[in-house]
Ligand SMILES: [Ca+2]
């Protein structure tokens with residue numbers, strides 16, 4: 001009997017077994033074989049017919065060989081990649097990958113021409129209890145004649161009585177950078193208000209003159225007055241001095257002419273029944289060292305005019321933080 005045509009197995013070492021009726025390949029099914037079964041069987045398989053189906057060989061033949069070359073199974077991830085690409089996060093700039101930084105609040109800042117003075121608790125001599133002093137911006141110099149003239153030109157200040165003395169400065173050529181004098185209390189208040197500021201209280205004045213907790217006896221320290229201020233103690237002084245011309249008469253915070261040059265108005269009354277306002281500091285016409293101590297009080301009637309009394313303005317630092325009220329017109 002002629003043997004049936006046998007498909008060839010593509011793998012020469014696979015044991016393609018033959019029998020009269022059935023041909024199997026140990027790995028692949030017959031359907032996958034092609035070509036000459038004789039060539040494959042001849043080289044690998046015995047020429048005798050294979051045992052019957054009960055033989056181990058037959059069993060082996062119908063069971064997929066464990067030695068068959070295996071193809072790498074597609075991994076789940078690879079399949080996912082092929083059918084549904086996983087989006088990869090775009091790289092971010094370093095600045096976006098850093099943890100958020102907490103920006104500290106900016107410190108208070110003062111307009112040009114003003115110094116920042118930290119607040120604190122201060123009990124002035126002769127008072128019953130300490131007072132809280134806020135952070136302040138303080139004019140570095142006394143108000144100059146030029147600055148007051150700007151207020152006059154703006155219609156916010158008056159020229160009444162400004163020529164009250166031989167030492168008056170308003171309207172006198174060459175006195176532009178001298179402290180304005182001959183003003184009364186209301187004129188001083190009006191000037192500060194025009195600048196978005198105010199007069200200091202006597203506690204505030206002494207606080208920034210003594211450099212806060214440093215408690216200096218004089219603006220510069222505890223040494224007695226000498227050449228560092230505009231006064232008459234060392235040399236006869238016939239008038240005030242240009243503001244800032246004695247740079248050693250300076251507080252810790254850089255405020256000038258607190259001891260010398262001209263006295264400065266405060267808002268504090270000497271007592272409730274009096275029209276007196278306490279002024280602080282000393283003046284060009286003083287020659288006694290004790291007149292220039294920070295703790296020394298001086299009183300003037302609110303309508304008093306003279307050539308040695310001027311004005312310095314302040315404002316709460318919290319009110320100008322981030323938005324100075326008059327930066328373009330601050331003290332020069
Ligand atoms: Ca002064």
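The values are calculated or read from the model by the stated rules, or taken from the named source; none is laboratory data. Remember, it's a predicted structure, so these values are computed and weren't measured experimentally. In this analysis, Cβ positions are derived from the backbone assuming ideal geometry, glycine residues included, and neighbour counts consider all displayed protein chains.
Among the residues of region 283-316, count how many are closer than 23 Å to residue 220 by Cα and out of contact with any strand residue (DSSP E or B) (no Cβ under 7 Å at 6 or more places or on another chain).
Looking only at that region, the number is 10.
Go through (1) under 27 Å from residue 230 (Cα atoms); (2) modelled with pLDDT under 95 and name the single condition residue 104 misses.
The single condition residue 104 does not satisfy is (1).
List the residue pairs whose Cβ atoms are under 7 Å apart, where the first residue sits in region 256-271 and is at negative phi and in the same structural domain as residue 193 (by TED's automatic domain parsing), the second is near the ligand (Cβ under 6 Å from one of its atoms) and not in a strand (DSSP E or B), and the two are 6 or more positions apart or on different chains.
Pairs that qualify, where the first residue is at negative phi and in the same structural domain as residue 193 (by TED's automatic domain parsing) and the partner is near the ligand (Cβ under 6 Å from one of its atoms) and not in a strand (DSSP E or B), are 258/281; 259/281; 262/142; 263/281; 264/142; 264/281.
I'd like to check something: does region 208-217 contain any residue that is without any contact (Cβ under 8 Å) to a residue 60 or more places away in the chain and either within 16 Å of the ligand (Cβ to nearest atom) or more than 38 Å from the chain's Cα centre (by Cα) (or both)?
Yes.
Specify which of the listed residues (283, 259, 331) is under 23 Å from residue 211 (Cα atoms), modelled with pLDDT under 95 and in contact with a helix residue (DSSP H, G or I) (Cβ under 9 Å, 6 or more places away or on another chain).
331
Between a first residue in region 276-301 that is assigned by TED's automatic domain parsing to the domain that holds residue 207 and a second residue that is assigned to a helix (DSSP H, G or I) and within 15 Å of the ligand (Cβ to nearest atom), which pairs have beta carbons less than 6 Å apart while being 6 or more apart in sequence or on different chains?
Close Cβ pairs (under 6 Å, with a partner that is assigned to a helix (DSSP H, G or I) and within 15 Å of the ligand (Cβ to nearest atom)) amount to 278/202; 280/205; 282/291; 282/292; 294/206; 294/209.
Of all residues in region 274-289, how many are assigned to a strand (DSSP E or B) and closer than 15 Å to residue 204 by Cα?
Here the count works out to 4.
Can you tell me which of 242, 225 is part of a loop (DSSP other than H, G, I, E, B), assigned by TED's automatic domain parsing to the domain that holds residue 166 and farther than 30 Å from residue 173 by Cβ?
It is 225.
To keep it simple, each residue is scored yes or no on (1) over 34 Å from the mean Cα position of the chain (by Cα); (2) assigned to a loop (DSSP other than H, G, I, E, B); (3) at pLDDT below 90; (4) within 16 Å of the ligand (Cβ to nearest atom).
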site	(1), (2), (3), (4)
254	no, yes, no, yes
264	yes, no, no, yes
272	yes, yes, yes, no
304	yes, yes, no, no
318	no, no, yes, no
325	no, yes, yes, no
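Out of (1) over 29 Å from residue 285 (Cβ atoms); (2) under 27 Å from the mean Cα position of the chain (by Cα), the odd one out for residue 139 is which?
(1)
Check whether at least one residue in region 265-280 is out of contact with any helix residue (DSSP H, G or I) (no Cβ under 7 Å at 6 or more places or on another chain), crowded, with 24+ Cβ neighbours inside 10 Å and over 18 Å from residue 133 (Cα atoms), and report yes or no.
Checking region 265-280: at least one residue is out of contact with any helix residue (DSSP H, G or I) (no Cβ under 7 Å at 6 or more places or on another chain), crowded, with 24+ Cβ neighbours inside 10 Å and over 18 Å from residue 133 (Cα atoms).
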